[in-house]
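The values are calculated or read from the model by the stated rules, or taken from the named source; none is laboratory data. Quantities reported herein were computed from a predicted structural model and do not represent experimental measurements. Quick reminder, even Gly has a Cβ in these numbers, built from the backbone with ideal geometry, and neighbours come from all protein chains shown. When the accessible area is computed, the model is the full protein with side chains, heavy atoms only, and any ligands, DNA or RNA have been set aside. Shrake-Rupley method; radii C 1.70, N 1.55, O 1.52, S 1.80 Å.
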Amino acid sequence: MKNVLVTGGCGFIGSNFVKHLVSCSDFYPVILDKLTYAGNIKNLDQVDKKKYALIEGDICDISLVNDLFSKYKFNGVFNFAAESHVDRSLEDPSNFIESNILGTFNLLEASRSFWKDLPSTRKSKFRFHHISTDEVFGSLPNIKGNEKFDELSSYDPRSPYSASKASSDFLVRSWFHTYKIPAIITNCSNNFGPRQFPEKLIPIVIHKIINKQTIPVYGDGSNIRDWLFVEDHVDALLLALQKGIPGETYCV
């Protein structure tokens, strides 16, 4: 079995990734999760406990991260850990700066320290996979047509959340170019699916309908959003793991 570090593996997307990873590969996920409001051990109920390890902790704790690298000799890192709700970032941006920027920096530095001493055969197979968001690209024009973001879209973040994720993307890119860490970035659109945290839009709307409450409308109701089923996202992440080229960015 090949050990990989999965940060935020008890979250909505991370737990779905762990479930698929153990079912279709020889990877052994070592999950590092703070188990805050969005991280829930119950999200892993369907996964055999013998097929993963769970450590409750913070990616901002660099000594803990380094200890995990020393103990498990990781073959890769999948960074799902992030503060991810735009409205929360407006109320308290400091958590987003700390988790999304400093946390990513710690993971990159721990990876670099470990990776540089690996034999060449293992070096080439190591991957640092950073899971990001399309919100780093800003907003599409509110007109009908085929407008969409792609890998060449300019960054134009509009909130503390998207700015912190954009910053983490730039850190990953620079560690690839400066230190040659074999890193891949994927930028996904809005995910939905079972066990999503209830503050997200689709769960909120479903909850309001069931309880015959008023459905909230954001802005003037003219905004358009793109939705991605979480298991389709996970399939794309596994494809990037198998065929992705270090240094590249992939939009999902």
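What the table below lists for this structure:
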read-out	value
Unique match (being of a type in the set (S, T, N, Q), loosely packed, with under 14 Cβ neighbours inside 10 Å and touching a residue at least 40 places away in the same chain (Cβ under 8 Å)) among 222, 174, 189, 162	222
Cβ pairs under 7 Å, 6+ apart, first in segment 103-115 and more than 10 Å from residue 65 (Cβ to Cβ) and open to solvent by 30 Å² or more (accessible area, probe 1.4 Å), second of a type in the set (A, V, I, L, M) and in a helix (DSSP H, G or I)	105/171
Unmet requirement for residue 134, which otherwise passes all of (1) of a type in the set (Asp, Glu); (2) free of Cβ contacts under 8 Å to residues at least 24 places away in the same chain; (3) open to solvent by less than 60 Å² (accessible area, probe 1.4 Å)	(2)
Residue, nearest to residue 199 (Cα to Cα), within segment 30-52, restricted to residues that are open to solvent by less than 40 Å² (accessible area, probe 1.4 Å) and in contact with a Lys or Arg (Cβ under 8 Å, 6 or more places away or on another chain)	43
Odd one out for residue 120, checked against (1) touching a residue at least 12 places away in the same chain (Cβ under 8 Å); (2) more than 20 Å from the chain's Cα centre (by Cα); (3) open to solvent by 40 Å² or more (accessible area, probe 1.4 Å)	(1)
Residue 245 being aliphatic (A, V, I, L, M), surrounded by 12 or more Cβ atoms within 10 Å (Cβ to Cβ), in a loop (DSSP other than H, G, I, E, B) and at pLDDT 90 or above	no
